[in-house]
1. Of all residues in segment 28-42, which are of a type in the set (A, V, I, L, M) and either surrounded by fewer than 17 Cβ atoms within 10 Å (Cβ to Cβ) or without any contact (Cβ under 8 Å) to a residue 60 or more places away in the chain (or both)?
2. Looking at V57, V49, V16, V45 in this structure, which one is open to solvent by 30 Å² or more (accessible area, probe 1.4 Å), closer than 18 Å to L224 by Cβ and in contact with a strand residue (DSSP E or B) (Cβ under 7 Å, 6 or more places away or on another chain)?
3. Please count how many residues of segment 76-93 are in contact (Cβ under 8 Å) with a residue 24 or more places away in the chain and more than 11 Å from the ligand (Cβ to nearest atom).
4. Looking at W26, W70, which is the one that is among the aromatic types (F, W, Y) and within 8 Å of the ligand (Cβ to nearest atom)?
5. Tell me which of these E50 doesn't satisfy, since it passes every other one: (1) charged (D, E, K, R); (2) farther than 30 Å from V144 by Cβ; (3) more than 15 Å from the ligand (Cβ to nearest atom); (4) in contact (Cβ under 8 Å) with a residue 12 or more places away in the chain.
6. Inside segment 205-245, can you point out the residues that are under 20 Å from A40 (Cβ atoms), open to solvent by 60 Å² or more (accessible area, probe 1.4 Å) and within 16 Å of the ligand (Cβ to nearest atom)?
7. Only one of (1) more than 23 Å from F36 (Cα to Cα); (2) without any contact (Cβ under 8 Å) to a residue 60 or more places away in the chain fails for K114. Which number is that?
8. Quick one: K74 ticks every box in (1) touching a Ser or Thr at 6+ places or on another chain (Cβ under 9 Å); (2) open to solvent by 50 Å² or more (accessible area, probe 1.4 Å); (3) under 24 Å from G41 (Cβ atoms) bar one, so which box is it?
Amino acid sequence: MSLIEQIDKNNVPEHVAIIMDGNGRWAKKQGKFRVFGHRAGVKAVREAVEGAAEVGVKFLTLYAFSTENWNRPKLEVEALMSLLLSSLKDELETLTKNNIKLKIIGDISKLPSKNQRELTSVVEKTKDNDRMTLILALSYSSKVEIIDSIKSIAQKVKDGIVDLSDIDESLVSNNLYTAGIPDVDLMIRTSGETRISNFLLWQIAYAELFFLDILWPDFRKKNLYESILDYQNRERRFGKTSEQL
Ligand code: FPP
């Protein structure tokens, strides 16, 4: 039986999030510039998106650029931005054909205006697609997201729209960039690093975490399916005992 056939279709993680790490190391291992690794990383992005849609994942969030990544050398940042722009142009047709919606989380006002325009356009053109939502985290910081949600709730309290006693988990969730998107079920990080790096801190409260030793450009559908199979063998207790489940 192929890997995808072994997956229990009634227990597919609804929301998968991936920290795509190791592009630089992948390139270096071959004596090439870091940008070469990012370019190879785009193929892995395609594999992750196609693989997730094929198995029935409803939300896939990819950490494409963190607020901290702005501190990288200017040339690398520019290369990443132009790679993002060309990938968006190239992939619009595939997103449309596969009925995938694009959503962005993060502060894209810091991105070059060409990128902002293209992102807004692809988001608009795919807004009615409903097979899967691909969420790109761009210029994203989970701490900033939480601060923004605190500010917006505080403003509502000040304006008398929300009462202090109304503040609960669902209100906070609904004021995050990910409002309306279920919490993460499965989080994957490649490259052997075992950190969360300021990614979806609130949303991963009960996520199952997977740290893969491969570098991001080597990621293929098979790695996603292996992680999902492993996820299906874990018991998610949400604080309860085995007997209570
Ligand atoms: C991490 O590897 C990767 C990134 C910071 C960028 C990810 C971007 C892509 C895969 C390409 C563009 C994305 C889309 C959505 C089309 P690293 O550079 O931190 O690697 P290292 O840890 O080995 O240095």
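The values are calculated or read from the model by the stated rules, or taken from the named source; none is laboratory data. Being a predicted model, the structure only gives us computed values, none of them experimental. In this analysis, Cβ positions are derived from the backbone assuming ideal geometry, glycine residues included, and neighbour counts consider all displayed protein chains. When the accessible area is computed, the model is the full protein with side chains, heavy atoms only, and any ligands, DNA or RNA have been set aside. Shrake-Rupley method; radii C 1.70, N 1.55, O 1.52, S 1.80 Å.
1. Going residue by residue through segment 28-42, those that are of a type in the set (A, V, I, L, M) are 35, 40, 42.
Across segment 28-42, the qualifying residues are V35, V42.
2. Numbers: V57 fails: open to solvent by 30 Å² or more (accessible area, probe 1.4 Å); V49 fails: open to solvent by 30 Å² or more (accessible area, probe 1.4 Å); V16 fails: open to solvent by 30 Å² or more (accessible area, probe 1.4 Å).
None of the others qualify; the one that does is V45.
3. Filtering segment 76-93 for residues in contact (Cβ under 8 Å) with a residue 24 or more places away in the chain gives 76, 79-81, 83-85, 87-89, 91-92.
Those left that are additionally more than 11 Å from the ligand (Cβ to nearest atom): 92.
The total comes to 1.
4. Values: W70 fails: within 8 Å of the ligand (Cβ to nearest atom).
Going through W26, W70 in turn, the sole match is W26.
5. Unmet condition: (3).
6. Matches in segment 205-245: D213, D218, R220.
7. Result: K114 fails condition (1) only.
8. Condition not satisfied by K74: (1).
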